[in-house]
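Comments concern the structure below.
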Amino acid sequence: MAANNRRMSGKKGAQIGSGGQRRRGLEGKGPTPPAEMRKGHKKNRIANAKSKQVQRRPVARGRGGKGTSEMVVGRNPVVEALREGVPASTLYVQQFIDNDERVREALQLAAERGGINLMEAPRPELDRMTNGLNHQGLVLQVPPYEYAHPEDLANAAYDEGEDPFIVALDGVTDPRNLGAVVRSVSAFGGHGVVVPERRAAGMTAGAWKTSAGTAARTPVARATNLTRALEAYKKAGIVIVGLAADGEHEIGDLEALGGPVVIVVGSEGKGLSRLVGETCDFRVRIPMPGGAESLNAGVAAGIVLYEAARRRG
């Protein structure tokens, strides 16, 4: 019996007065972060390796060339960019960040889309990457946009058995106007947009957002020299129609809009440049009985695109 008592006394049971340590140990610690964000996880190591490869990879040059990479900075801008389908290669998240609703949504959108590396970085590293901007712990890397060549737009139209229907922008520097034009070209069945390589808006994150996702299916071509690109279109039998406040024709009277056409839209303030204006076969104006002096490029392009699409239809 004594032996049995000695064996019984060796057993350990629940200690009295644990202070609720077990209960606290069972409490949740918030949602589990994605595998790509957990240090030591296989997916985290893979994501880190891919990100380093992307950063080291040299920029390839296509026929239309590529733009430069861009950083979207701040919680609201990052979430909006992910919602609008802006292309992204890496989402950087600050270590020990306050996990609010916007951070959770950004992580969820990036995970759902796939193909976006999730990287955790200390605050000083994000400060360096963004040149000290108020990133709020979220930075989205947008890869360089791959531009088409102006010839590609016309060739794609001919491959589909259609007359080319293209918009060229002359001196438009606001990316939001470019995005609005891309959206209108997509809506009215156009084959793409041509922009100059210098002193012009490019396909930035802002342009992508304004295009409302249509930039994914409407190509943007970049021309080293816009005047020469328009002359090449003319040699291919495509009519060049410039939009000008003092144009000789009204858009409703120009039958050429119903055939192969490039519609050239200038900036709101300066309009068409001299050389581009001289290259146009026709210059058309939009009648404005309300007396407004001009329309911004996005609105003006939409009006002319509608008229051209109506004639083509």
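The values are calculated or read from the model by the stated rules, or taken from the named source; none is laboratory data. All values derive from a computational prediction rather than experimental measurement. With ideal geometry, Cβ positions are generated from the backbone for all residues, glycine too; neighbour counts draw on all protein chains shown. For accessibility, only protein heavy atoms count, side chains too; no ligands or nucleic acids. Shrake-Rupley method; radii C 1.70, N 1.55, O 1.52, S 1.80 Å.
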- line: So, for the Cα atoms of segment 90-163, Rg and Dmax in Å stand at 18.9, 56
message: Students sometimes get this wrong: rank THR218, THR204, THR68 by accessible area, probe 1.4 Å, all chains present, largest first.
response: THR68, THR204, THR218
message: Using only the Cα atoms of segment 160-285, what are the Rg and Dmax in Å?
response: 13.6, 37
- prompt: Contour minus end-to-end for ARG123 and ALA216, with contour as 0.36 nm per residue of separation and end-to-end as the Cα-Cα distance?
  reply: 30.2 nm
task: Please report the orientation-averaged projected area of segment 270-313, defined via the convex hull of its C-alpha atoms, in nm².
output: 3.9
- line: Inverse of <1/r> over all distinct C-alpha pairs of segment 64-125, i.e. the Kirkwood Rh in Å, gives 12.4
query: So how much slack lies between ASP159 and GLU231, counting 0.36 nm per residue of separation and subtracting their Cα-Cα distance, in nm?
result: 23.8 nm
field: Rg(Cα) / (2.2 N^0.38 Å) computed for segment 200-264, rounded to two decimals
entry: 1.35
message: Give the aspartates and glutamates whose C-alpha is closer than 20 Å to that of LYS66, dropping any in the same chain fewer than 8 places away, or say none.
response: GLU146, GLU151, ASP152, ASP170, ASP174, GLU197
query: Counting other Cβ atoms within 10 Å, which trypsin sites (Lys or Arg not before Pro) in segment 262-313 have at most 16 and lie in a DSSP loop?
result: LYS270
- request: Any chance you could list the semi-axes, whole Å, largest first, of the equivalent ellipsoid that the Cα gyration tensor gives for segment 218-313, using √(5λ)?
  value: 20, 16, 13
- prompt: How do ILE116, ILE303 rank by accessible surface area computed with a 1.4 Å probe, from largest to smallest?
  reply: ILE303, ILE116
